[in-house]
Amino acid sequence: METEPDSIITVFLFFTNSLSLSIIAAALVIIFLLIASALISASEAAFFSLTPNQKSDLLESKTKKAKLILSLLKKPEQLAITILIFNTLSNIGIAISSSFILTATLYPINYLSIILVVLAFVVSLFILFFGEILPKNYGNRYNLKFAKTIVFPLSFLYIILTPIRKFLLNFSNVTKKKLVKKDDFSIDDLSNALDSSDTIVKEDKKILKGIATFRNYYAKAIMKPRMDVVSIDYNAKYSELIQMAIVEGFSRIPVYENSFDNIKGIIYVKDLLPYLKENDDFLWQNLIREAFFIPENKKINILLEEFRLKKIHFAIVIDEYGGSSGIVTLEDILEEILGEIQDEMDEEEGFYSKLAENIFIFDAKISLNDFVKITQIDKKLIDKIKGDAETLAGLILEIKNEIPKKEEEIYYKSIRFKILEVDARRIIKIKVILE
């Protein structure tokens, strides 16, 4: 009987020590998760605040870290979801661990539930400040440096969270399709109704269909590619600029330094008129206006509104690495609605010729949008195989996976492509036969 109090004390001490160890373990978990949450929040700010020039530098450096950073940025939606998943799991872990510590240390204090609510609010503010605000400010300020520091752990996290990320993406895509299904159907329905109508003039049908569908197109689909853009070097002589303006007949000319990826601005030909008699010493560079940059995936209906608000007609299209892909003008957008617009300065562009009812010869750089409009091929048929292609040449490369030979024939469904002209680097002319 004398040993009974000792046994009770021993049991009490055992549970007390166990509880203390549990509290210490929970506290260590909170510290670890808070640091991890802070790092992942800073990485989010760092990756998504990288400028086009920084991405271009990464592309040129070709280091393993640079390649990994660019690889993660190729799929920004998946990267963002990975970061969100980890942050959410970390915050849940911090909340559970905090609740355990508070319950273990405060029980059985009266009004424990009220205290827990107040402390939960304090913990939330703590997480917000030290796990979100401070890290994101740091990530924004030292974005490139921190992106290189965190890229390996983030890549590992990206891999191990793949199953959860894919599940959430698939669920998101299904939901998105259901939300836009009704809207997509109404546009297709309107387009079909216009096709079947006998009371609307043919030209009016084209315009109405253009209005109905142009908001579904991106800048990349209608842009003039960089290889076809007339531009001038920043260090060119004034006489060279004047000669280019006279010969080419464009009202706006992009100005680059060293390469087209480094656009300095736009020179407006009308700004040169007061200085036509100047010699090569004239600093025409002072007349350069600021360029308007847009991503390839900018929808052209949104771009049209931005042109209107900014009172400009010209944009430089940049790719995901910050390089210049080409240009889009107000005329390009309007032509998607109204059809080809010819003015007194335009030469007749031989993008295609019609040899017979179902036989065409196309310039390979014609856009797939124009190709579909001219041939009246079902757009869905082309969408199945076009991948990232925006031109007829790109479509052939998607099908063939290599540059075809001259006179080579390529078949897809009821379409026969015959390569009429090609060089070592690109396809030039294609004969299309609809069978």
Pairwise FRET efficiency - Ala424 versus Asn401, Cβ, R0 = 25 Å, nearest 0.05: 0.90
Cβ density ranking, 10 Å radius, fewest first, applied to Met223, Met244 yields Met244, Met223
With the crude spin-label approximation of a point 7 Å out along Cα→Cβ, what separation in nm comes out for Lys166 versus Val247? 5.5 nm
Find how many whole Å separate the alpha carbon centroid of the stretch 374-435 from the alpha carbon centroid of the stretch 46-66. 34 Å
Apply the Karplus curve 6.51 cos²θ - 1.76 cosθ + 1.60, θ = phi - 60°, to the phi angles in the stretch 258-270 and return the couplings in whole Hz, x for Gly and Pro. 6, 8, 5, 6, 10, 7, 8, x, 10, 9, 8, 4, 5
Any residue on another chain or 5+ positions along whose placed amide H is under 5 Å from the amide H of Phe292 is listed here as Ile316
Would you mind giving the average projected area, over all directions, of the Cα convex hull of the stretch 248-317 in nm² with one decimal? 5.9 nm²
Want the number for Ser155 to Phe32: 0.36 nm per residue separation, take away the alpha-carbon distance, what's left? 42.4 nm
Using 7 Å Cα-to-Cβ label points, what is the Glu305/Glu257 separation (nm, one decimal)? 3.5 nm
Which of Lys224/Lys380; Lys148/Lys220; Lys65/Lys365; Lys74/Lys380; Lys145/Lys400; Lys224/Lys379 exceed 32 Å between C-alpha atoms? The answer is Lys65/Lys365; Lys145/Lys400
Counting other Cβ atoms within 10 Å, keep those with at most 15, restrict to DSSP loop, and tell me which GluC sites (Glu not before Pro) in the stretch 218-287 are left. Glu278
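Read the figures in this text as sums done on the coordinates, not as results from a lab. Because the structure is a prediction, the values reported are computed rather than measured. Using ideal geometry, Cβ is built from the backbone for each residue, glycine included, and neighbour counts are taken over all protein chains shown.
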